[in-house]
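Shown next, in structure tokens, is the structure this report addresses.
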Amino acid sequence: MQLKIEVNGAVRIIYVKEERLDAHNSDELKAELNRLFDSGTKDLLIDLKEVRFIDSSGLGVLVSGFKNASARQGSFKLSGLQSQVKSMFELTRLHRVFDIFQTVDDALESY
């Protein structure tokens, strides 16, 4: 899985550089999230603008990341959801759980 990580103050931004976030690659994202949490990161922003498809495994990794951030009194925000991915969040009602923004800049302004 291709991930690009940037630092903006206390926030770590993870750009998911894949068209799919599914059972084949979601473990790699989970491992990276755990590595960041273990290193003391509390605030994460996941940019999904290149992701066109997400399945239950991908959603599960994001929920796990959200729980980890919350347990550390941190934040876990999403940006750049394409229409099909956004539909999955709405179908599963996860759009009510996550802070979702159009762009990375919009999300960063919310901190």
Whole-number Å³ per residue for the convex hull built on Cα positions in the chain: 87 Å³
Solvent-accessible area per residue, Å², over segment 3-109 with all protein chains present [probe radius 1.4 Å]: 53 Å²
Two-site FRET efficiency, LYS86 against GLU50, from Cβ-Cβ distance with R₀ of 22 Å, rounded to 0.05: 0.95
Lysine pair count for the chain [Cα-Cα under 19 Å; pairs on different chains or 8 or more apart]: 19
Fraction of antiparallel bridges per DSSP, segment 1-104 only, in percent to nearest 5: 30 percent
At R0 = 22 Å, FRET efficiency that the Cβ-Cβ distance of HIS24 and GLN73 yields, to 0.05: 0.10
Sites GLN102 and ILE5 - FRET efficiency at Förster radius 25 Å, r taken between beta-carbons, to 0.05: 0.75
Approximate spin-label separation SER110-LEU94, in nm, with each point projected 7 Å along Cα-to-Cβ: 1.5 nm
Centre separation in Å (Cα based) which lies between segment 81-102 and segment 1-72: 15 Å
Sulfur and carbon atoms: percent of accessible area, segment 3-109 [1.4 Å]: 44 percent
For segment 1-53: rounded, prolate or oblate by the Cα gyration tensor [a/c cutoff 1.5]: oblate
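The values are calculated or read from the model by the stated rules, or taken from the named source; none is laboratory data. Keep in mind the model is a prediction, meaning the values are calculated, not measured. Backbone-built Cβ (ideal geometry, glycine too); neighbour counts: all protein chains shown. Remember, those area values only see protein heavy atoms, side chains included, never the ligands or the DNA or RNA. Shrake-Rupley method; radii C 1.70, N 1.55, O 1.52, S 1.80 Å.
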